[in-house]
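First up is the structure itself, then whatever we jot down about it.
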Amino acid sequence: MPKISIRFFNDQEVRAVWNDETGGWFFSVLDVVGVLNGQSDYTKTRNYWKWLKAKLKREGNQLVSATTQLKLTAADGKRYATDVLDAQGITELVKAFPNNKAAGFLDWFLYSDNTIDGK
């Protein structure tokens, strides 16, 4: 059973899973996108991520190619493959995010003692 961690930023969960192959935490891109948009609707968050991923790809941003898929438990209790990024990838995603809400999340992610990997 993989090691899973869930933390909350402004009452929205950010799920992470430990990857034994790389020896590091991978974070749900959809959770981060939902937090940054203040959106809890899964379909709207997924659609926004699809749009943002296409935009980043058109701009030649290598972030999209850094995403991988790992299985995380969804709200229905089943495990689904979802896009994930490591800590560096999440930091790059947040910096590339087209709104001003990203700074608060980035501070929490990088400097809070309550972050998933205890940075």
Looking only at region 90-108, which residues are touching a residue at least 24 places away in the same chain (Cβ under 8 Å), farther than 18 Å from Thr45 by Cα and within 12 Å of the chain's Cα centre (by Cα)? Glu92
Return the pair list, or none, for Cβ contacts closer than 8 Å from residues in region 58-83 that are touching a residue at least 24 places away in the same chain (Cβ under 8 Å) and under 19 Å from Asn19 (Cα atoms) to residues that are acidic (Asp, Glu) and open to solvent by less than 50 Å² (accessible area, probe 1.4 Å), at least 6 apart or on different chains. Thr67/Asp83; Thr68/Asp83
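Give region 37-53 a look and list any residue that's open to solvent by 40 Å² or more (accessible area, probe 1.4 Å) and in contact with a helix residue (DSSP H, G or I) (Cβ under 9 Å, 6 or more places away or on another chain), or say none.
Applying the first criterion (open to solvent by 40 Å² or more (accessible area, probe 1.4 Å)) to region 37-53 yields 37-44, 46-48, 50-51, 53.
Across region 37-53, the qualifying residues are Asn37, Gln39, Ser40, Asp41, Tyr42, Lys44, Arg46, Tyr48, Lys53.
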For the subset of region 20-29 comprising residues that are among the hydrophobic types (A, V, I, L, M, F, W, C) and open to solvent by less than 20 Å² (accessible area, probe 1.4 Å), which member is farthest from Ala102 (Cα to Cα)? Phe27
Just for region 1-19: of the residues that are open to solvent by 100 Å² or more (accessible area, probe 1.4 Å) and in contact (Cβ under 8 Å) with a residue 12 or more places away in the chain, which one is farthest from Ser40 (Cα to Cα)? Lys3
I'd like the residue in region 69-113 that is of a type in the set (Ser, Thr, Tyr) and in contact with a helix residue (DSSP H, G or I) (Cβ under 9 Å, 6 or more places away or on another chain) and, out of all such residues, is surrounded by the most Cβ atoms within 10 Å (Cβ to Cβ). Thr82
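Regarding Gly34, is this residue within 16 Å of Ala16 (Cα to Cα) and surrounded by fewer than 14 Cβ atoms within 10 Å (Cβ to Cβ)? Quick ask: steps written out before the conclusion?
Numbers: within 16 Å of Ala16 (Cα to Cα): yes; surrounded by fewer than 14 Cβ atoms within 10 Å (Cβ to Cβ): no.
No, not satisfied.
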Select, from Val14, Val33, Val64, the only residue that is within 14 Å of the chain's Cα centre (by Cα), among the β-branched types (Val, Ile, Thr) and more than 26 Å from Tyr111 (Cβ to Cβ). Val64
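The values are calculated or read from the model by the stated rules, or taken from the named source; none is laboratory data. Computed from a predicted structure; not experimentally measured. Here the Cβ is made from the backbone with ideal geometry for all residues, glycine too, and neighbour counts use every protein chain on show. For accessibility, only protein heavy atoms count, side chains too; no ligands or nucleic acids. Shrake-Rupley method; radii C 1.70, N 1.55, O 1.52, S 1.80 Å.
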